[in-house]
Ligand code: ADP
Ligand code: MG
């Protein structure tokens with residue numbers, strides 16, 4: 001039209017689109033899940049805004065997603081009667097990359113080789129732009145709820161898009177209609193069987209009903225009823241249904257490692273359905289460290305900013321639904337609601353106790369969880385004093401005895417050597433380097449196990465940790481690592497710490513030469529092969545912690 005406005009995509013969008021179009025990724029089905037999830041989000045946003053402004057719903061209070069196929073024309077339409085988009089919202093939402101997850105996704109893909117990058121597309125949802133995997137041309141027509149304007153966005157995914165006003169009688173009465181002109185290789189996405197299969201597999205549990213119109217003029221047929229999965233009894237829900245729901249709530253395509261589903265009754269009533277992902281979400285190490293648990297009140301989505309998990313469990317995805325809050329709960333109320341505090345506590349305890357169970361009943365799966373999230377969970381060791389003991393029980397370590405496996409502190413303590421009274425650790429940022437440190441020689445000669453702590457967070461918790469089962473934590477770099485009391489293994493040798501006259505003379509000479517740079521030079525029984533090593537003083541901070549403090553400029 002005459003008033004059409006041509007705009008360029010933000011540079012990152014162009015890159016992303018290029019990747020989509022040229023993607024060798026074979027499972028293109030995911031585009032549909034992304035578009036359905038946007039449609040469902042839009043319906044949930046309207047449901048929420050309508051609590052305060054019921055007039056937004058007008059005479060169409062039933063929210064729905066409709067998929068319409070036209071095999072002959074090679075067209076697929078996904079429509080919703082949700083919140084819709086204004087012109088400005090459209091330009092912002094469909095011309096830039098708004099969500100940080102997509103950004104870090106692209107960084108990862110850029111770093112990965114072609115094949116691997118393609119797998120990443122399959123593992124993580126990349127949103128609206130995935131439509132260009134199957135469509136050569138995409139049109140979006142939208143009318144925001146309550147507005148008397150409608151706008152059309154269109155693009156062939158090659159650097160530019162167009163925005164133009166449309167007549168109201170050509171737009172949905174409310175919400176958004178996305179039309180895909182399918183590419184030749186993707187024509188199957190306008191066929192009923194394909195659509196039914198994908199919706200059943202991927203989107204059967206979005207909280208808005210989905211209907212299919214299989215050809216122009218046909219009656220809509222229900223594909224999914226939009227019932228909230230979490231309200232059903234556990235025994236009636238299949239693993240596949242849980243996985244499907246997990247994927248729509250988490251925006252990831254992996255298999256969850258753990259599913260936590262329960263109804264709390266009594267003083268506070270709520271349902272929780274939470275998942276420990278099987279792969280790391282992209283935003284895991286974002287500085288904000290935000291959780292993503294969604295809060296529902298009586299099945300109405302309220303917010304995902306309620307912080308219903310402690311930071312160190314921010315990788316847990318899922319929902320909490322309670323009937324004990326008013327629907328029009330405000331941000332302020334959410335921030336200091338004692339009810340939500342109690343729910344957070346209840347859900348946290350449940351997640352931790354389920355993880356503890358998993359660690360006993362399914363070691364392989366728990367190891368996977370620990371590999372992915374151990375570094376995050378350990379933040380709790382210094383952030384959550386109340387649950388410190390519980391978190392220590394859960395923690396797993398690489399040690400000089402673990403090989404590729406993981407050791408718990410319980411196992412460590414059960415294998416203490418004669419006269420060994422402490423839990424020894426060595427900390428550093430390079431796992432390989434610390435495992436080969438000369439500091440360990442004296443420990444190896446005595447068969448004493450040492451924890452190898454190579455996560456940046458380790459130095460923070462270990463320096464403040466008093467003990468585990470009565471055994472203090474001690475760094476091998478701290479001077480008086482009381483090795484002398486523990487007998488050597490058969491065949492091992494170690495120089496005695498008792499020093500001859502010659503050694504005394506040597507020590508004096510070295511002290512002289514290094515005056516002002518070291519506090520002391522001592523003969524030691526900790527080395528067997530190496531001649532010297534640097535240690536921290538007995539009382540001061542451990543060496544790794546010292547380095548961190550220096551790096552932080554303190
Ligand atoms: P995300 O859903 O994670 O925000 P997407 O790329 O899927 O990322 O979508 C980008 C944005 O486009 C959404 O946040 C939303 O603002 C807007 N959007 C997309 N589809 C719709 C829709 N059907 N109705 C309203 N807004 C939409
Ligand atoms: Mg989306």
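The values are calculated or read from the model by the stated rules, or taken from the named source; none is laboratory data. Values in this document were obtained by computation on a predicted structure and should not be read as measured data. Methodologically, a virtual Cβ is constructed for each residue, glycine included, from the backbone with ideal geometry; neighbour enumeration extends over all protein chains shown.
Side notes on the structure shown:
- Here 206, 163 are screened, and the one residue that is within 16 Å of ligand 1 (Cβ to nearest atom), at pLDDT 95 or above and either buried (at least 22 other Cβ atoms within 10 Å of the Cβ) or outside any loop (DSSP other than H, G, I, E, B) (or both) is 163.
- Looking at segment 386-505, the helices (runs of 4 or more DSSP H) lying wholly inside it that each contain 3 or more residues that are closer than 29 Å to residue 310 by Cα sit at 388-394, 409-414, 458-462.
- Across segment 390-417, the qualifying residues are those that are touching a strand residue (DSSP E or B) at 6+ places or on another chain (Cβ under 9 Å) and under 15 Å from residue 312 (Cα atoms), and the one among them that is surrounded by the most Cβ atoms within 10 Å (Cβ to Cβ) is 394.
- Matching residues, segment 257-272, being without any contact (Cβ under 8 Å) to a residue 24 or more places away in the chain, part of a loop (DSSP other than H, G, I, E, B) and buried (at least 16 other Cβ atoms within 10 Å of the Cβ): none
- Unmet criterion (only one of (1) in contact (Cβ under 8 Å) with a residue 40 or more places away in the chain; (2) more than 20 Å from residue 39 (Cα to Cα); (3) in contact with a strand residue (DSSP E or B) (Cβ under 7 Å, 6 or more places away or on another chain)) for residue 242: (1)
- Subset of segment 220-237 (residues that are in a helix (DSSP H, G or I) and closer than 23 Å to residue 291 by Cβ): 229, 230, 231
- The residues listed here are 288, 305, 241; of these, the one that is modelled with pLDDT of 90 or more and farther than 21 Å from residue 368 by Cα is 241.
- Yes/no for residue 240 being surrounded by fewer than 15 Cβ atoms within 10 Å (Cβ to Cβ), more than 16 Å from ligand 1 (Cβ to nearest atom) and assigned to a helix (DSSP H, G or I): yes
- Some residue of segment 132-152 being surrounded by fewer than 22 Cβ atoms within 10 Å (Cβ to Cβ) and within 20 Å of residue 106 (Cβ to Cβ): no
- Positions within segment 313-343 being outside any strand (DSSP E or B) and either surrounded by 20 or more Cβ atoms within 10 Å (Cβ to Cβ) or in contact with a helix residue (DSSP H, G or I) (Cβ under 7 Å, 6 or more places away or on another chain) (or both), in sequence order: 313, 314, 315, 316, 324, 325, 327, 328, 334, 340, 343
- Taking the criterion of being under 18 Å from residue 213 (Cα atoms) and either within 33 Å of the chain's Cα centre (by Cα) or outside any helix (DSSP H, G or I) (or both), the residues of segment 189-202 that qualify are 189, 191, 194, 195, 196, 197, 198, 199, 200.
- Filtered by the rule that a residue be surrounded by 21 or more Cβ atoms within 10 Å (Cβ to Cβ) and under 14 Å from residue 138 (Cα atoms), segment 62-78 gives 76, 78.
- Yes/no for residue 104 being modelled with pLDDT under 90 and more than 11 Å from ligand 1 (Cβ to nearest atom): yes
- Failed criterion for residue 84 (all others in (1) surrounded by fewer than 21 Cβ atoms within 10 Å (Cβ to Cβ); (2) in contact (Cβ under 8 Å) with a residue 24 or more places away in the chain hold): (1)
- Selection from segment 107-135 of residues that are modelled with pLDDT of 70 or more and within 12 Å of ligand 1 (Cβ to nearest atom): 126, 127, 128, 129, 130, 131, 132
- As for segment 356-371, it holds no residue that is surrounded by fewer than 15 Cβ atoms within 10 Å (Cβ to Cβ) and over 20 Å from residue 257 (Cα atoms).
- Screening 282, 275 for residues that are in contact with a helix residue (DSSP H, G or I) (Cβ under 9 Å, 6 or more places away or on another chain), crowded, with 20+ Cβ neighbours inside 10 Å and closer than 24 Å to residue 364 by Cβ leaves exactly one candidate, 275.
- Leading residue by the ranking (nearest to ligand 2 (Cβ to nearest atom)) among those in segment 19-77 that are closer than 19 Å to residue 156 by Cα and out of contact with any helix residue (DSSP H, G or I) (no Cβ under 9 Å at 6 or more places or on another chain): 77
- Counted residues, segment 431-471 - those being over 18 Å from residue 376 (Cβ atoms) and in contact with a strand residue (DSSP E or B) (Cβ under 8 Å, 6 or more places away or on another chain): 15
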